[in-house]
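Novice: One structure follows; several queries about it will come next.
The values are calculated or read from the model by the stated rules, or taken from the named source; none is laboratory data. Predicted model only: the values in this text are computed from it and were never measured. Glycine gets a Cβ as well: all are built from the backbone with ideal geometry, and neighbour counts include every protein chain shown.
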Amino acid sequence: MVSIGQVVIGVDDMRRAVRFWTQALHYIPRSGAVSDDWTILDPVNGLGTPLALDVSESPVQEHPRMHLDLFTENADEHAAEVERLIALGAQKVDWDLYPADPDFTVLADPEGNRFCVIDLSHG
């Protein structure tokens, strides 16, 4: 049997990526270590999937085949989290694939990697 052990994101600038994702997700570097080419981030409370950052030369995909979904419980929390993530360095993506009444907002981290913030209460 296998299970997901961690999610890996390719980055250009390790220190910038660590700053963003630790603040965005309330994670910390495993054992306090940040290396120049590979860093694993763990949830502060120990619950959840680790996020690994790997220096990569691959270009960012405009429409990535895989991405992170960050969940919020309601519309107010969704709006507040989107604004908080933007204040940390994320950018809104001019997403051409939004449905008529989206329950999500597409953002890009400071490295350009796309991720979604989803309002779970959206009907």
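Novice: Criterion first (without any contact (Cβ under 8 Å) to a residue 60 or more places away in the chain and within 27 Å of Trp95 (Cα to Cα)) does Met1 satisfy it?
Specialist: No.
Novice: For the list (1) closer than 23 Å to Gly123 by Cα; (2) touching a strand residue (DSSP E or B) at 6+ places or on another chain (Cβ under 6 Å); (3) surrounded by 15 or more Cβ atoms within 10 Å (Cβ to Cβ), I need the number of the one condition that Glu77 fails.
Specialist: Looking at each condition in turn, Glu77 falls short on (2).
Novice: Given the criteria more than 22 Å from Leu107 (Cβ to Cβ), among the acidic types (Asp, Glu) and at pLDDT below 95, does Glu62 qualify? Can you show your working first?
Specialist: Values: more than 22 Å from Leu107 (Cβ to Cβ): no; among the acidic types (Asp, Glu): yes; at pLDDT below 95: yes.
For Glu62, the condition - more than 22 Å from Leu107 (Cβ to Cβ), among the acidic types (Asp, Glu) and at pLDDT below 95 - is not met.
Novice: Is the range 29-43 home to any residue that is in contact with a helix residue (DSSP H, G or I) (Cβ under 7 Å, 6 or more places away or on another chain), surrounded by 15 or more Cβ atoms within 10 Å (Cβ to Cβ), farther than 29 Å from Gly123 by Cα and touching a residue at least 60 places away in the same chain (Cβ under 8 Å)?
Specialist: No.
Novice: Oh, and also: Give Phe115, Phe104 a once-over and let me know the one that is of a type in the set (Phe, Trp, Tyr), more than 28 Å from Ser31 (Cβ to Cβ) and touching a residue at least 12 places away in the same chain (Cβ under 8 Å). It would help to see each step written out before you state the result.
Specialist: Working: Phe115 fails: more than 28 Å from Ser31 (Cβ to Cβ).
Of the residues listed, the single one that is of a type in the set (Phe, Trp, Tyr), more than 28 Å from Ser31 (Cβ to Cβ) and touching a residue at least 12 places away in the same chain (Cβ under 8 Å) is Phe104.
Novice: Tally up the residues in the range 23-41 that are on the phi < 0 side of the Ramachandran plot, out of contact with any strand residue (DSSP E or B) (no Cβ under 6 Å at 6 or more places or on another chain) and part of a helix (DSSP H, G or I), please.
Specialist: Within the range 23-41, residues that are on the phi < 0 side of the Ramachandran plot, out of contact with any strand residue (DSSP E or B) (no Cβ under 6 Å at 6 or more places or on another chain) and part of a helix (DSSP H, G or I) number 3.
Novice: Kindly list the number of the only condition in (1) modelled with pLDDT of 95 or more; (2) farther than 21 Å from Val7 by Cα; (3) not charged (D, E, K, R) that fails for Leu68.
Specialist: Unmet condition: (2).
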